[in-house]
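One structure below.
The values are calculated or read from the model by the stated rules, or taken from the named source; none is laboratory data. Just so you know, these numbers come straight off a predicted model, no measurement behind them. Because the Cβ atoms are built from the backbone with ideal geometry, glycine has one as well, and the counts that use them run over all protein chains shown. Remember, those area values only see protein heavy atoms, side chains included, never the ligands or the DNA or RNA. Shrake-Rupley method; radii C 1.70, N 1.55, O 1.52, S 1.80 Å.
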Amino acid sequence: MVTGADLNENEAKKKTLACPICYDPLIWNGDPVFSVDSTPRSILKCGICKKVYSGNENHLDLTVTSGSKKYGEYRPASSELFRLPLVSFLYERGWRQAFTIWGGFPGPEREFELMRDYLKPVIGGTIIDASCGSGMFTRLFAKSGLFSLVVALDFSESMLKQSYDYIKQEENISKENLILVRADIARLPFASSSIDAVHAGAALHCWPSPSAGVAEISRILRPGGVFVATTYIVDGLYSYIPFLSPIRQNIAQFSGSHLYLSERELRELFTTCGLVDYTCIRNGRFVMMSARKPE
């Protein structure tokens, strides 16, 4: 049974979704329950530009090009790779596990435990799992019961479908207060200062413009909101390879992937985008970073 209090809470949550063109809160026309099953049937409209956004089988499509039938734009190879159904299928069937071997990634459960200390100040709020992939962290956030709303966000339609399929297969995960959203990390469909926490696992190095993505995250975080991210750093002996810096620029231009050569680079990325209190944890090449939006 849906109570009046539930409806008021849902209405407050819906105001966080915004037009990715105008950043004005979207007018929501749909089920009163904020859930995996109800949001794909919803229709949203921007009160300023009048653009209409709708669900797409298992997620809300809140990209700028949502609804376009012929128009499309070139995406870097790293972005297009993760839109392939085969890669989405393989992601939790060996792809992500390989990160432990070559990158020192501790694994989803251990990474979740590490980030819990960073997320303590925002427990009970809304968290976005940015570049959620197949949703391994989305499911951990949802099952933890620590957040009032979990948003699984990715640009890849096939990753969102894989995430949806995994969620539906799990019996001990609530389908309420959990939604899937397709969006561009450089044009996030959320109102400014409306989100309590953002997580981006093994994602920064895949974004076409990491600075644009982190700046957007800084914009949508509430004052005191927390950003936690993981990636890898190619330092140590690798830092002595001649011409590594210009080589990585060529790699970035060709593939869209970014190589980080030092912790200082990542600290500057966060601080230049308006975040403070940067801290990190290392394990080999793996690094987990956290920072917050100033109060």
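Values as computed for the structure displayed
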| quantity | calculated |
| --- | --- |
| Subset tally (residues that are among the small types (Gly, Ala, Ser) and at pLDDT 95 or above) for the stretch 252-295 | 3 |
| Output for the stretch 254-270, where each listed residue is at negative phi and surrounded by 14 or more Cβ atoms within 10 Å (Cβ to Cβ) | 255, 257, 258, 259, 260, 261, 263, 265, 266, 267, 269, 270 |
| Those residues of the stretch 276-295 which are among the charged types (D, E, K, R), under 13 Å from residue 223 (Cβ atoms) and assigned to a strand (DSSP E or B), in sequence order | 277, 292 |
| Any pair with Cβ under 9 angstrom, 6 or more apart, that starts in the stretch 104-123 at a residue that is closer than 16 Å to residue 232 by Cβ and ends at one that is among the hydroxyl-bearing types (Ser, Thr, Tyr) and open to solvent by 40 Å² or more (accessible area, probe 1.4 Å) | 106/100; 107/100 |
| Enumeration of residues in the stretch 212-236 that are in a strand (DSSP E or B) and β-branched (Val, Ile, Thr) | 226, 228, 230, 231, 233 |
| Pairs, first in a loop (DSSP other than H, G, I, E, B) and at pLDDT below 85 in the stretch 13-40, second surrounded by fewer than 20 Cβ atoms within 10 Å (Cβ to Cβ) and of a type in the set (Gly, Ala, Ser), C-beta under 6 Å, six or more apart | 30/42; 31/38 |
| When residues of the stretch 101-114 are limited to those that are out of contact with any Phe, Trp or Tyr (no Cβ under 9 Å at 6 or more places or on another chain) and not charged (D, E, K, R), the one modelled with the highest pLDDT | 114 |
| Residue 211 polar (S, T, N, Q) and closer than 19 Å to residue 119 by Cβ | no |
| Residue in the stretch 178-186 that is basic (Lys, Arg) and open to solvent by 30 Å² or more (accessible area, probe 1.4 Å) present | no |
| Which listed residue is on the phi > 0 side of the Ramachandran plot and not small (Gly, Ala, Ser), from 57, 80, 92 | 57 |
| Residue check for residue 248: on the phi < 0 side of the Ramachandran plot, among the basic types (Lys, Arg) and modelled with pLDDT under 95 | yes |
| All positions within the stretch 41-54 that are touching a residue at least 24 places away in the same chain (Cβ under 8 Å) and surrounded by 14 or more Cβ atoms within 10 Å (Cβ to Cβ) | 44, 46, 51, 53 |
| The stretch 55-79: number of residues that are outside any loop (DSSP other than H, G, I, E, B), at pLDDT below 90 and surrounded by 15 or more Cβ atoms within 10 Å (Cβ to Cβ) | 4 |
| Members of the stretch 84-107 that are surrounded by fewer than 18 Cβ atoms within 10 Å (Cβ to Cβ) and closer than 15 Å to residue 162 by Cβ | 84, 85, 86, 89, 90, 92, 93, 94, 95 |
| Positions within the stretch 108-150 being at negative phi, surrounded by 20 or more Cβ atoms within 10 Å (Cβ to Cβ) and not in a helix (DSSP H, G or I), in sequence order | 126, 127, 128, 129, 130, 132, 134, 147, 149, 150 |
| Inter-residue pairs, beta-carbon under 8 Å, first closer than 17 Å to residue 131 by Cβ and in the stretch 68-95, second modelled with pLDDT under 85 and open to solvent by 70 Å² or more (accessible area, probe 1.4 Å), 6+ apart | 77/254 |
| Test: residue in the stretch 198-221 that is among the β-branched types (Val, Ile, Thr), in contact with a strand residue (DSSP E or B) (Cβ under 6 Å, 6 or more places away or on another chain) and under 17 Å from residue 289 (Cβ atoms) | yes |
| So residue 173, is it open to solvent by less than 40 Å² (accessible area, probe 1.4 Å) and in a loop (DSSP other than H, G, I, E, B) | yes |
| Qualifying residue in the stretch 151-168 (condition: among the charged types (D, E, K, R), modelled with pLDDT of 95 or more and open to solvent by less than 10 Å² (accessible area, probe 1.4 Å)) | no |
